[in-house]
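The values are calculated or read from the model by the stated rules, or taken from the named source; none is laboratory data. Remember, it's a predicted structure, so these values are computed and weren't measured experimentally. Please note: Cβ atoms are built from the backbone with ideal geometry, for glycine as well, and neighbour counts cover all protein chains shown.
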Amino acid sequence: MEKELTPLDCLLPSGTLRICLIILNQPLDKDYLHILWRKALLRACADGAANHLYNITAGECGSFLPDYISGDFDSITAEVKAFYADKGCKLIETANQDLTDFTKCLAIMVEEIQNRKLQGSHRLGVNTGLEGDWCSLIPVGGPCQTITTGLKWNLTAVSQGLTPEDKDNEVLQFGKLVSTSNTYEPVEPGHPKNPVTVITDQPLLWSMGIHKNGD
């Protein structure tokens, strides 16, 4: 069954989409953080991201406690680590140097979300007005047989009647094909973007750019 999502609905004050939030080790936008935090069912920090969360929520840190912090803990400061440990946040040390802190944090997140139906057909609405120019599809954990519509560079058109089981579908796999620099299907000025559809036989990570205040 096709599931319809509007990924950036979570950034709209009136949006109702519930999310899982992973904060990475980079400066945070306070306005977006507050909106996303309220809508998150599960919240995590990847190592040094906890420093940014701690600093940007100064004076109200106790109201912004992540469910877990993971990484090799070479970036998080001793003060921040002690604060979140004292508050009961789960600290998960992941020492594997072959993976990034984000990848390790994401793997834990996937484990935490039990019985989530990620496989199948998804329809993504991309007309909130917050969408940036770029988007990407990244395989999570292994090769993915994938077909899409609504992108400038689609992966095996759905119009051909293919399904994820067809051997001629595009295979997303690190070291072979990864759709990291895609964008949306061009439309006439003033017309809404076409929805993006994704059919996959394995979990995929969808990423997309956003713009704020007309930037």
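In region 12-41, what residues are aliphatic (A, V, I, L, M) and modelled with pLDDT of 90 or more? Result: 21, 22, 23, 24, 28, 33, 35, 36, 40. When restricted to residues that are polar (S, T, N, Q) and exposed (fewer than 13 other Cβ atoms within 10 Å of the Cβ), region 1-37 contains 3.
Scanning region 18-27 for residues that are of a type in the set (A, V, I, L, M) and over 18 Å from residue 70 (Cα atoms) yields a single hit, 19. Checked against the criterion of being of a type in the set (S, T, N, Q), more than 18 Å from residue 40 (Cβ to Cβ), modelled with pLDDT under 90 and part of a strand (DSSP E or B), region 109-118 has no qualifying residue.
Which of the following residues is within 16 Å of the chain's Cα centre (by Cα), surrounded by 12 or more Cβ atoms within 10 Å (Cβ to Cβ) and not hydrophobic (A, V, I, L, M, F, W, C): 128, 103, 94?
Of the residues listed, the single one that is within 16 Å of the chain's Cα centre (by Cα), surrounded by 12 or more Cβ atoms within 10 Å (Cβ to Cβ) and not hydrophobic (A, V, I, L, M, F, W, C) is 103.
Restricting attention to region 1-59, the residues that are β-branched (Val, Ile, Thr), farther than 18 Å from residue 125 by Cα and more than 14 Å from the chain's Cα centre (by Cα) add up to 3. Just one of the numbered conditions (1) in a helix (DSSP H, G or I); (2) within 24 Å of residue 131 (Cβ to Cβ) is not true of residue 54: (2). In this structure, residue 146 qualifies as of a type in the set (S, T, N, Q) and modelled with pLDDT of 60 or more.
Against the numbered list (1) touching a Leu at 6+ places or on another chain (Cβ under 7 Å); (2) closer than 30 Å to residue 194 by Cα, residue 12 comes up short only at (1).
Select from region 68-106 the residues that are among the β-branched types (Val, Ile, Thr) and not in a strand (DSSP E or B) and write down the one among them that is nearest to residue 205 (Cα to Cα). Walk me through how you get there before you give the answer.
Restricting attention to region 68-106, the residues satisfying the condition of being among the β-branched types (Val, Ile, Thr) are 69, 76-77, 80, 92, 94, 100, 103.
This time we only want the ones that are not in a strand (DSSP E or B), so: 76-77, 80, 94, 100, 103.
On the way: 76: 26, 77: 29, 80: 29, 94: 21, 100: 15, 103: 11 Å.
Taking the candidates together, the pick is 103.
Taking the conditions (1) assigned to a strand (DSSP E or B); (2) within 18 Å of residue 206 (Cβ to Cβ) in turn, residue 32 satisfies each one other than (1).
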